[in-house]
Amino acid sequence: MKLKQLESLLGDLQQFSQPKIELEQYPTGPHITSRMLYTAENSFGDVSNKVVADFGCGCGTLGVAAALLSAEHVVGIDIDPESLEIAALNAEELELYLDFIQSNVMDLEWRGQIFDTVVMNPPFGTRQKGVDMDFLHVALKVASQAVYSLHKTSTRDHVKRVAMRDFNAASAEVLCELRYDVPKLYKFHKKKEVDIAVDLWRFVPASH
Amino acid sequence: MRLLTHNMLSSNIKGVTNGFPLRIEAEKVVEKTVEMNADFLKKMFEKIQWKAFIDASRAMGYTELPEEVDPTTLESDEFLSKFHHALLELHLEEGALVCPETGRRFPVNKGIPNMLLHEDEV
Ligand SMILES: C[S@@+](CC[C@H](N)C(=O)[O-])C[C@H]1O[C@@H](n2cnc3c(N)ncnc32)[C@H](O)[C@@H]1O
C-alpha cells in the first residue's frame, strides 16, 4: 500500500467523541501515524506478517494502520470502553479483524516476549507523571523485535537514559522529530491548537 | 477475541501464581474467514502452548485439532488449515475468561474482554 493511500484511509477513522482529560485522549493524526507505521514496515520490516500490539489504542488508529500494512494479528489495549467501541467500529468499517482488550496496560500479564512489535502513542504523562515510561517499560518486556513510540522532544535525554539503563533496551533511536498539533480538545488549552515537538522512537528490546 | 490472544494472556490478579491459561466460557463464537499464511503458522507453532490451545479450541466448540503434535505435523496442509482456523478464524464474541486459580470471571462482550481489576486485585 502506498503512503498516501494509507494516510487517506486513516483520515476517515472516527476519533474520540468526548475525550477524557485524565486519560490524555488525543488522537494521533493520519500524517504522523502513516509515517510511523510506513517506516516501521519499509525500513525495518516490523509490521507485515507480525504480531503487533497497540498500547493505549484509543480509537485504534495505530493498530488499524498496522493491520492495513498486513500485520497478521493486532491486539489493541485501552482502559476506556467507549474508545474501544469506536476502535472496533473503525476496524469493522475497513473489514479488518483486530482484537481489543479493555485493561490498564500496566496490569496485564503476558506470556513473555509474545509480540513481535509494539506501536504506541502513550499519554505524555502530563496528567499522571511517568505514565509514558511505564508504558515503555511494559512494551520492552513483551516485544521481541521493536517498540515504536512517541515522546515529547523535551524529554529526549531522559527517555534514552531510562530505556537503556533501567529497561535494558539494546538500542534506543530517534527516527525523526515531528510536529504534533494536539487539537484544542480541552478548555484549559488557550490556543486553538497546541503545537508540540515529539520524537518518533524505535527501541530494540533486550533478547531474553 | 481470537485464540491467539487467549494463548498469550495470563490472569493478572495480584497474588495469583498460576494464572495461565484462562478458562474460556463461550456463549457465542463467530467465525471470520481470513487468508492462511503457512510461514506465520509455523512460526506461531513454536510460541503456542499446545495444551492450552487445544483446551481453548474445545471450549469454543472446535474439536478437530490433534492432541499430540510434533514438528512433522506442520508438513501436513490439512493440519495447517485446521490450526489456522482455530488460531485466527474463531472469535469469542460473548462469554467470559475465568482465572484458573481464583475463579474470578472477566466478562467478554462484543468480542472485547474486560480485564480491568478491582482495587483489591491490583
Ligand atoms: C494519547 S492517546 C492515544 C490514542 C491512540 N493510540 C491514537 O493514536 O489515536 C492515549 C490513550 O491511552 C489510553 N490510556 C491512558 N492511560 C491508560 C492506561 N493506564 N492503560 C491503558 N490505556 C490507557 C487513553 O484512554 C488514550 O486512548
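Key figures for this structure:
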quantity: Condition met for A:S103 (more than 25 Å from B:K14 (Cα to Cα) and within 17 Å of the chain's Cα centre (by Cα)); calculated: no
quantity: Considering residues of the stretch A:143-171 that are small (G, A, S) and in a strand (DSSP E or B) only, the residue nearest to A:M133 (Cα to Cα); calculated: A:S149
quantity: Restricting the stretch A:83-107 to residues that are among the acidic types (D, E) and facing another protein chain (nearest Cβ under 9 Å), the residue that is farthest from B:N7 (Cα to Cα); calculated: A:E85
quantity: In the stretch A:104-122, the residues that are within 13 Å of the ligand (Cβ to nearest atom) and surrounded by fewer than 19 Cβ atoms within 10 Å (Cβ to Cβ); calculated: A:N104, A:M106, A:D107
quantity: Answer from B:F40, B:F45, B:F106, B:F79 - the residue that is in contact (Cβ under 8 Å) with a residue 24 or more places away in the chain, surrounded by 15 or more Cβ atoms within 10 Å (Cβ to Cβ) and over 22 Å from B:I13 (Cβ atoms); calculated: B:F45
quantity: Options B:K14, B:K28; residue that is at pLDDT below 95, more than 8 Å from chain A (Cβ to nearest Cβ) and exposed (fewer than 14 other Cβ atoms within 10 Å of the Cβ); calculated: B:K14
quantity: Within the stretch A:6-33, considering residues that are within 12 Å of the ligand (Cβ to nearest atom) and among the hydroxyl-bearing types (S, T, Y), the one surrounded by the most Cβ atoms within 10 Å (Cβ to Cβ); calculated: A:T33
quantity: Evaluation of A:T126 against (1) hydroxyl-bearing (S, T, Y); (2) within 16 Å of the ligand (Cβ to nearest atom); (3) touching a residue at least 60 places away in the same chain (Cβ under 8 Å); (4) buried (at least 16 other Cβ atoms within 10 Å of the Cβ) (one fails), failing number; calculated: (4)
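The values are calculated or read from the model by the stated rules, or taken from the named source; none is laboratory data. Here the structure is a predicted model, which means the values were calculated and not measured. Please note: Cβ atoms are built from the backbone with ideal geometry, for glycine as well, and neighbour counts cover all protein chains shown.
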